[in-house]
1. Are there any helices (runs of 4 or more DSSP H) wholly within region 27-118 with 1 or more residues that are touching a helix residue (DSSP H, G or I) at 6+ places or on another chain (Cβ under 9 Å) and within 14 Å of SER17 (Cα to Cα), and if so which?
2. If I ask for residues that are within 18 Å of the chain's Cα centre (by Cα) and in contact (Cβ under 8 Å) with a residue 60 or more places away in the chain, which ones from region 36-76 would you list?
3. Yes or no: ILE7 surrounded by fewer than 15 Cβ atoms within 10 Å (Cβ to Cβ), farther than 17 Å from THR122 by Cα and at pLDDT below 95?
4. Would you call LYS71 charged (D, E, K, R) and either on the phi > 0 side of the Ramachandran plot or modelled with pLDDT of 95 or more (or both)?
5. Take region 104-141 and flag every residue that is farther than 19 Å from VAL24 by Cβ, out of contact with any Pro (no Cβ under 7 Å at 6 or more places or on another chain) and surrounded by 12 or more Cβ atoms within 10 Å (Cβ to Cβ).
6. Name the one entry in GLY90, GLY108 that is over 20 Å from the mean Cα position of the chain (by Cα) and not aliphatic (A, V, I, L, M).
7. Mind listing whichever residues of region 33-64 are surrounded by 13 or more Cβ atoms within 10 Å (Cβ to Cβ), within 22 Å of VAL156 (Cβ to Cβ) and modelled with pLDDT under 95?
8. Tell me which of these PHE106 doesn't satisfy, since it passes every other one: (1) over 26 Å from ALA36 (Cα atoms); (2) at pLDDT 95 or above.
Amino acid sequence: MQQVALIKNKTSFLKESIIANSLVYLLTSFHHYYGAIVYNTPWRKDVVPNGGAVMLVAILCLLLYRYLNKKAFLVIYLLLTFLVFSLGIGIFEGAYNHLLKDLLYFSGMKLSAWRMLYPAPTYEIPNNVIFETSGIAQFFVALFQIYYLSKVYRSVYPKRANTSVD
């Protein structure tokens, strides 16, 4: 009975994690495409197809894991989505590029010091509510994504995830 519950939980966690990954991807796609238009920086649009390619590989890995039952595909899925969507988009893009950038800017940090951390033209002075809000939101959506990835990991590797050092 416990094995059936574990399989059901793992399947549920996999679905929730791919939904969370998709939300991070959709939000960052909107954010970067919008930023490309507003700031006339067409290179931002590259995030859309590049992120889409990562999503396709992630979905393929989950399908291969489901049908072949090889943990290697799940490990690739977990690492890929964690590195790209959790760290790259959530932590770096959402937390550093927007949350911290806005906090420092609006706290009154000297513009010259702020520009050392956030040089133009890569970084914009926070002057567009939609761009900055969607940028910050990437961090919070990625936190949910990290939560669901950890649930998937713990459902597949329960002993490793729950090991404590006394």
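The values are calculated or read from the model by the stated rules, or taken from the named source; none is laboratory data. A quick note: this is a predicted structure, and the numbers were derived from the prediction, not measured. Cβ atoms come from the backbone with ideal geometry, glycine included; neighbour counts cover every protein chain shown.
1. Ranges flagged: 47-68, 71-81.
2. LEU74
3. The answer is yes for ILE7.
4. Answer is no for this residue.
5. Answer for region 104-141, where residues must be farther than 19 Å from VAL24 by Cβ, out of contact with any Pro (no Cβ under 7 Å at 6 or more places or on another chain) and surrounded by 12 or more Cβ atoms within 10 Å (Cβ to Cβ): LEU104, MET109, TRP114, ARG115, LEU117, TYR118, TYR123, GLU124, ILE125, PRO126, ASN128.
6. Sole residue among the options that is over 20 Å from the mean Cα position of the chain (by Cα) and not aliphatic (A, V, I, L, M): GLY108.
7. LEU62 - this is the single residue of region 33-64 that is surrounded by 13 or more Cβ atoms within 10 Å (Cβ to Cβ), within 22 Å of VAL156 (Cβ to Cβ) and modelled with pLDDT under 95.
8. Single failed check for PHE106: (1).
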